[in-house]
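Below is one structure, written out as structure tokens; comments come after it.
Nothing in this text is a laboratory measurement; each read-out follows from the coordinates by a stated rule. Keep in mind the model is a prediction, meaning the values are calculated, not measured. Glycine also receives a Cβ, built like all others from the backbone with ideal geometry; neighbour counts cover every protein chain displayed.
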Amino acid sequence: MIVVNLDVMMAKRKMSLSQLAEQVDITLANLSVLKNNRAKAVRFSTLEAVCKALDCQPGDILEFVPDRDG
């Protein structure tokens, strides 16, 4: 499964969810879905904007965690 570590990068950059939402031009609700690992997909344009706002790489936000079963 893919885990979104957006909260970790936001904490490192001392940025609130509302600040990031404003910079990325995404609704607070949609950004919250992403932050709380409830998103089913992420547009590359959104990922690019988040990385630009947080000055990070996609791998700083997205992490692959193997299932316990396999």
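Worth pointing out:
Condition check ((1) closer than 21 Å to MET1 by Cα; (2) touching a residue at least 40 places away in the same chain (Cβ under 8 Å); (3) aliphatic (A, V, I, L, M); (4) outside any helix (DSSP H, G or I)) across all residues:
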residue: ALA29; (1), (2), (3), (4): no, no, yes, no
residue: VAL33; (1), (2), (3), (4): yes, no, yes, no
residue: ALA53; (1), (2), (3), (4): no, no, yes, no
residue: ASP67; (1), (2), (3), (4): yes, yes, no, yes
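- For the criterion of being touching a residue at least 24 places away in the same chain (Cβ under 8 Å), in a loop (DSSP other than H, G, I, E, B) and small (Gly, Ala, Ser), ALA39 passes.
- The combined condition, being in contact with a helix residue (DSSP H, G or I) (Cβ under 7 Å, 6 or more places away or on another chain), surrounded by fewer than 14 Cβ atoms within 10 Å (Cβ to Cβ) and part of a helix (DSSP H, G or I), is fulfilled by SER18.
- Hits in segment 55-65 - residues which are touching a residue at least 24 places away in the same chain (Cβ under 8 Å) and in a helix (DSSP H, G or I): ASP60, ILE61
- Scanning segment 40-70 for residues that are touching a strand residue (DSSP E or B) at 6+ places or on another chain (Cβ under 7 Å) and surrounded by 13 or more Cβ atoms within 10 Å (Cβ to Cβ) returns ILE61, LEU62.
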